[in-house]
Amino acid sequence: MEALNKSYADHLEQLKQAIIHSEQLAAYLDAESDEDYKLLCETFEPHIQELYDHIANQNPLQLVALEQELLDESFEGLFLPRILGFSVLRPEIDTNTKYKRPQEHFKNILMAICNSANFDLIKQRIGQTVQVGFALSSDIWLTNLMNQITNKKIKTFLQAQQTDKWRDADNRKAGYHSYAKQFKNYNFQSADFPENMAEFKVSISALIEFLIYRTSGKFDNSSLIPHLTTILGKKEFYQEDTFVDVLMITGLFYPLEGKDQKLFTSVLDMLRKNGSEFNKNYFNKLIKLYQNNVEISPETEKRISALINKSIDDELSKYYKLMDTVHAKGYIHEDAINAVRNYYEGHKGLSAENECLRDSIFGYFKTFLSNLDELSYHEYFEINKVFVSYIHTFSNQKFNQYVKDLSLMYINKLFDFYTDRRSKDYQDIKKFVTTTFLDLGFKTEKELAELFKIKK
């Protein structure tokens with residue numbers, strides 16, 4: 001975690017002074033009504049959210065520092081229900097849907113709420129959050145927390161949030177995921193970057209999740225680069241299996257320049273000395289990224305390919321030389337199709353390298369059809385020839401199923417658009433689907449008849 005930049009701290013101070021001298025606060029302090037406090041929240045919480053969003057985008061490692069500053073009683077408890085939710089959802093949980101480590105930050109925010117002069121109003125917005133946070137925490141942690149509460153009214157409220165239904169692991173898991181959906185549009189993730197081996201072992205899995213979260217392309221990740229290169233420079237981490245995850249994710253998704261590029265390549269060269277063992281590990285981890293629906297685009301493949309020393313004769317070089325050809329020529333080009341076929345036939349069909357190749361090519365298909373509108377369906381007819389070529393090259397049932405599902409999504413999109421069954425467009429689509437889907441084994445004659453059957 002990082003301290004809050006001065007510019008952010010100054011902005012926060014301005015917000016605090018605006019709250020202190022506001023008419024809304026004066027009205028609330030005079031009448032102490034729920035309506036006046038609600039108006040205070042509605043006036044200033046959007047401004048706090050705006051600052052929060054900016055920091056979350058550009059400097060996510062400063063979010064905890066920002067949240068700590070918001071505990072200042074001069075903010076009148078504004079935004080505390082929101083960051084309490086962030087503190088509940090941000091930490092890493094285990095397979096039993098329990099926190100892997102005690103959550104002091106969650107406790108600190110909750111204690112600030114309990115000690116707030118506005119507790120009676122704030123508590124109306126935190127019941128479910130406290131229930132989830134308590135459910136994920138250990139009994140010992142909860143006991144220690146309750147022992148710090150002296151106010152009977154507050155203690156009664158907190159004890160009421162400890163419900164028996166959360167003791168069941170299935171209920172706890174379902175409740176956690178249901179609660180998390182409320183925050184799906186908020187960016188509040190942060191992480192610790194380890195400085196030594198002890199910290200690495202404790203924090204690395206959460207860090208990997210955070211780095212993957214930041215790969216969506218929506219964020220400015222420049223502030224993370226120095227932290228990543230610091231990790232890449234620590235030789236004591238190199239023997240850890242999860243270090244390869246960090247290395248791969250960095251190479252794929254985080255743009256490096258100059259000496260940072262050289263550092264990455266030198267570290268990768270060192271690890272590649274392990275030969276086939278490293279290559280096997282690398283491609284298996286790449287498969288997991290695909291399985292977790294991490295978007296590995298041609299741009300990301302080009303980025304890491306540029307960092308790979310291809311003078312080393314190993315599977316990594318062979319794979320990315322092939323991908324260089326596919327990206328340069330275009331996956332629909334005959335040279336690229338032939339290059340893929342030659343590479344694929346040189347490896348076992350179920351090899352990790354071939355699975356990564358199938359996933360990469362399918363990514364092209366998915367991107368194309370996702371961006372193809374209904375008026376351009378003739379382009380789908382043409383590109384389907386390329387699909388068929390790759391289907392025959394790979395001869396893989398799972399790949400065929402992926403292409404089938406993707407094609408059906410687009411076809412159903414067309415049927416929703418072309419509703420006049422007598423129109424030329426509809427008849428053209430029907431003719432194409434009837435012939436092609438039958439030939440590819442996507443549909444049987446009976447299933448095709450059902451597909452075009454008029455629903456009563």
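Below are the figures for this structure:
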read-out	value
Elements of type helices (runs of 4 or more DSSP H) in region 296-389, at least 2 residues being touching a Lys or Arg at 6+ places or on another chain (Cβ under 8 Å)	315-329, 334-345, 352-370
Number of the condition not met by K165 [criteria: (1) modelled with pLDDT under 95; (2) farther than 21 Å from S178 by Cβ; (3) in contact with a helix residue (DSSP H, G or I) (Cβ under 9 Å, 6 or more places away or on another chain)]	(2)
Residues being surrounded by fewer than 17 Cβ atoms within 10 Å (Cβ to Cβ) and either of a type in the set (D, E) or touching a strand residue (DSSP E or B) at 6+ places or on another chain (Cβ under 8 Å) (or both) - total across region 87-97	3
Lone qualifier among Q49, Q68 - being surrounded by 16 or more Cβ atoms within 10 Å (Cβ to Cβ), under 29 Å from the mean Cα position of the chain (by Cα), modelled with pLDDT of 95 or more and among the polar types (S, T, N, Q)	Q68
Subset of region 98-134 that is of a type in the set (S, T, N, Q) and farther than 21 Å from D192 by Cα - its residue that is nearest to the chain's Cα centre (by Cα)	T129
Residue among S317, S297 that is touching a residue at least 40 places away in the same chain (Cβ under 8 Å) and among the small types (G, A, S)	S297
Looking only at region 268-295, and only at residues there that are among the polar types (S, T, N, Q) and either in the same structural domain as I337 (by TED's automatic domain parsing) or not in a helix (DSSP H, G or I) (or both), the one that is surrounded by the most Cβ atoms within 10 Å (Cβ to Cβ)	N274
Residue in region 270-277 that is among the basic types (K, R), at pLDDT 95 or above and more than 26 Å from the chain's Cα centre (by Cα) present	no
Selection within region 433-450 - part of a helix (DSSP H, G or I) and either crowded, with 17+ Cβ neighbours inside 10 Å or within 36 Å of the chain's Cα centre (by Cα) (or both)	V433, T436, F437, L448
Count of region 169-208 residues which are under 13 Å from the mean Cα position of the chain (by Cα) and among the aliphatic types (A, V, I, L, M)	3
Pairs where the first residue, in region 410-424, is surrounded by 10 or more Cβ atoms within 10 Å (Cβ to Cβ) and the second is not acidic (D, E) and not in a helix (DSSP H, G or I), C-beta under 7 Å, 6+ apart	Y410/L372
Among the residues listed as L4, L25, L84, the single one being of a type outside the set (D, E, K, R), surrounded by 15 or more Cβ atoms within 10 Å (Cβ to Cβ), more than 22 Å from the chain's Cα centre (by Cα) and assigned to a helix (DSSP H, G or I)	L25
Conditions (1) modelled with pLDDT of 95 or more; (2) under 18 Å from L61 (Cβ atoms); (3) among the hydroxyl-bearing types (S, T, Y); (4) exposed (fewer than 15 other Cβ atoms within 10 Å of the Cβ): number failed by S216	(1)
Criterion: out of contact with any Pro (no Cβ under 9 Å at 6 or more places or on another chain) and within 19 Å of L268 (Cβ to Cβ) - qualifying residue of I337, I312, I332	I312
Given (1) out of contact with any Pro (no Cβ under 8 Å at 6 or more places or on another chain); (2) small (G, A, S); (3) farther than 26 Å from M270 by Cα, number of the condition S223 does not satisfy	(1)
Flag if F188 is part of a loop (DSSP other than H, G, I, E, B) and at pLDDT 95 or above	yes
Any hit, region 305-314, residues being crowded, with 19+ Cβ neighbours inside 10 Å, in contact with a His (Cβ under 9 Å, 6 or more places away or on another chain), not charged (D, E, K, R) and not assigned by TED's automatic domain parsing to the domain that holds D241	yes
Matching residues, region 111-137, being farther than 16 Å from R82 by Cβ and not in a helix (DSSP H, G or I)	N115, A117, S137
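The values are calculated or read from the model by the stated rules, or taken from the named source; none is laboratory data. Just so it is clear, the model here is predicted, and its values are computed rather than measured. Counting neighbours? That spans all protein chains shown, and the Cβs are built from the backbone with ideal geometry, glycine included.
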